[in-house]
Amino acid sequence: MKHVYIYDGDFLSLLNMISYLLKNNLKTENIKTENYTPNLFENTIHLSIPKSEDIIEQIIKALGKFVLRSMYYVFLSEEENKELILYYFFRNAIKYRHKIMSYRNLKCVSEVLRISYYVRHETHKMKGFLRFKELDKPILFAEMEPTNDILFLVSCHFSKRLKNEFWIIKDNKRKILSIYDKKSFTIVKEEEFQMTDFKESKEEKNMEELWKTFYKTIGIKERKNDRCRRNFMPKKYWKYIVEVKEEL
């Protein structure tokens, strides 16, 4: 039987579990969240491990902030076996310490570098492609459907970029929202915050029509290059971009 260890889906819980497994020399074929359904050849193990924040400081001291940040990006990804990748990465990091990122011949290291770059790259794109609408409250509202779970990273950016505004960012793929009150943001589930009373302001609707007219007017038909445009702005982002969503 394969041993699969179960954790609650939190990054801090995952780090503490991996640390516990390594300290006690416990081998695992996989690590999964609580909603995981095992097959007939897997045995799920639930461990009661205290969620200590000390593990964060220990990793920073032993490996550096860059390594911790890369591990967090992997955790935010949609990679199927991201927990197991982090387990093997952590195990090798104990051995190679600060030099771990230079051992790219190790599969776990190359995977961490690849995945963390992808999450970082998508976050960077979303900072530019995310479009806010003005609601009648007034509150700024934006929607997105990123491949990875980057709502927290995007919210960190806009809490500085739009720090004097009330705003809400909704991740429609995961049904979660980030709500900012000019001081800090809180991430909640969709069912915990009803948006039925929020509507677009009249000024916003007029501005959208003006912007679409402007976009069509300045376009030069003979120089249109759809392939180039898709390279810079992939179609998965078009759904929430005013000037191009009608082309889908």
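The values are calculated or read from the model by the stated rules, or taken from the named source; none is laboratory data. Keep in mind the model is a prediction, meaning the values are calculated, not measured. Virtual Cβ from ideal backbone geometry, glycine too; neighbours counted across all protein chains shown.
Observations, loosely collected:
- In region 109-136, the residues that are more than 26 Å from Leu151 (Cβ to Cβ) and in contact with a Lys or Arg (Cβ under 8 Å, 6 or more places away or on another chain): Ser110
- The set of residues in region 97-112 being farther than 16 Å from Ile18 by Cβ and either in a helix (DSSP H, G or I) or not assigned by TED's automatic domain parsing to the domain that holds Gly64 (or both) consists of Arg97, His98, Lys99, Met101, Ser102, Lys107, Ser110.
- Condition met for Glu204 (in contact (Cβ under 8 Å) with a residue 60 or more places away in the chain and either loosely packed, with under 10 Cβ neighbours inside 10 Å or more than 28 Å from the chain's Cα centre (by Cα) (or both)): yes
- Leading residue by the ranking (nearest to Glu57 (Cα to Cα)) among those in region 7-32 that are outside any helix (DSSP H, G or I) and within 21 Å of the chain's Cα centre (by Cα): Asp10
- Test for Thr123: is it farther than 22 Å from Glu243 by Cβ, at pLDDT below 95, among the hydroxyl-bearing types (Ser, Thr, Tyr) and out of contact with any strand residue (DSSP E or B) (no Cβ under 9 Å at 6 or more places or on another chain): no
- Residue ID - farthest from the chain's Cα centre (by Cα), chosen from residues in region 210-248 that are hydroxyl-bearing (Ser, Thr, Tyr) and within 20 Å of Met144 (Cβ to Cβ): Tyr240
- Consider region 209-248 and keep the residues that are touching an Asp or Glu at 6+ places or on another chain (Cβ under 6 Å) and assigned to a helix (DSSP H, G or I). The one that is surrounded by the most Cβ atoms within 10 Å (Cβ to Cβ) is Tyr240.
- The single residue among Phe89, Phe141, Phe75 that is farther than 27 Å from Ser184 by Cβ and buried (at least 19 other Cβ atoms within 10 Å of the Cβ) turns out to be Phe89.
- Against the test of being in contact with a helix residue (DSSP H, G or I) (Cβ under 7 Å, 6 or more places away or on another chain), part of a loop (DSSP other than H, G, I, E, B) and either among the hydroxyl-bearing types (Ser, Thr, Tyr) or not assigned by TED's automatic domain parsing to the domain that holds Arg174 (or both), the options Ser52, Ser48 yield a single qualifying residue, Ser52.
- Asn43 meets all of the listed conditions (1) in a strand (DSSP E or B); (2) surrounded by 13 or more Cβ atoms within 10 Å (Cβ to Cβ) but one, namely (2).
- Test: Glu190 is modelled with pLDDT of 85 or more, in contact with a strand residue (DSSP E or B) (Cβ under 7 Å, 6 or more places away or on another chain), among the charged types (D, E, K, R) and surrounded by 12 or more Cβ atoms within 10 Å (Cβ to Cβ): yes
- If you go through region 157-197 and pick out every residue that is over 14 Å from Met144 (Cβ atoms) and among the aromatic types (Phe, Trp, Tyr), you end up with 4.
- Qualifying position, being buried (at least 16 other Cβ atoms within 10 Å of the Cβ) and of a type in the set (S, T, N, Q), among Ser178, Ser184: Ser178
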